[in-house]
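Written out below as structure tokens is the structure these notes cover.
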Amino acid sequence: MPRGGKRAGAGRKATNKATAKAAAKLDALAEKLSLRHRLYLEGRSAGKSKFQSALDAGYAESVARTAKEHIETPDVQKAFAALIQAVIPAEKIVARIAEGLDAMETKVFQFQGMQMDSVDMIAWGERREYAKMAAEYGEYFVTSPQKIVHSGKVTLESLVCGETEEE
């Protein structure tokens, strides 16, 4: 068990059935992890860097420098995902992504140290990143390119009509 006699993720309150189910899944996954893996997860969930979490969990500095390769096994990744699901309900993540799609930024204009004007503008870069995230999580696009195989000559008419000319 981690320091203080608590399991990784213990002490949180489930707010609905989905998070209660995720909390139970986390407890089951955490029991299968080694003490150092649980301590590593505890550090990561407290906001520490991967390096610092690994050191605090008792890993050597050389292992801590490559935590992703050596510590974050599939079991640890599953437990971390369950921790996220137990602490952050899906509805909140969806709401934050939706808010990001409407992101605005304020441009402030100054002259000789005094604010002269400010304008609210659309934050296109922020919106683009949130749109990518929403499309990825919503599975609206394929992440790996698919090879398109065709034979024949491609013309404007073939693109519009969907037919190819045979040579």
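Is it the case that some residue within the stretch 98-115 is under 23 Å from the mean Cα position of the chain (by Cα), in a loop (DSSP other than H, G, I, E, B), among the small types (Gly, Ala, Ser) and modelled with pLDDT of 65 or more? Yes, there is a match, as at least one residue in the stretch 98-115 is under 23 Å from the mean Cα position of the chain (by Cα), in a loop (DSSP other than H, G, I, E, B), among the small types (Gly, Ala, Ser) and modelled with pLDDT of 65 or more.
Of all the numbered requirements in (1) at pLDDT below 95; (2) outside any loop (DSSP other than H, G, I, E, B); (3) surrounded by 14 or more Cβ atoms within 10 Å (Cβ to Cβ); (4) not charged (D, E, K, R), Gln52 misses one, and that requirement is (1). Selection of the stretch 58-81 for residues being farther than 21 Å from Glu139 by Cβ and either in contact (Cβ under 8 Å) with a residue 24 or more places away in the chain or crowded, with 16+ Cβ neighbours inside 10 Å (or both) yields Tyr59, Val63, Ala64, Ala67, Ile71, Glu72, Thr73, Asp75, Val76, Ala79, Phe80. With respect to (1) touching a His at 6+ places or on another chain (Cβ under 9 Å); (2) part of a helix (DSSP H, G or I), the lone exception for Tyr59 is condition (2).
Filtering the stretch 1-48 to residues that are of a type in the set (Gly, Ala, Ser), at pLDDT 55 or above, farther than 19 Å from Pro74 by Cα and assigned to a loop (DSSP other than H, G, I, E, B) leaves Ala46, Gly47. Can Gln85 be described as surrounded by fewer than 21 Cβ atoms within 10 Å (Cβ to Cβ) and without any contact (Cβ under 8 Å) to a residue 60 or more places away in the chain? Considered against the rule, which asks whether it is surrounded by fewer than 21 Cβ atoms within 10 Å (Cβ to Cβ) and without any contact (Cβ under 8 Å) to a residue 60 or more places away in the chain, Gln85 comes out as no.
The values are calculated or read from the model by the stated rules, or taken from the named source; none is laboratory data. This one's a predicted model, so the numbers in the text were calculated from it and none came from an experiment. Don't worry about glycine lacking a Cβ; one is built from the backbone with ideal geometry, like all the others, and counts go over all protein chains shown.
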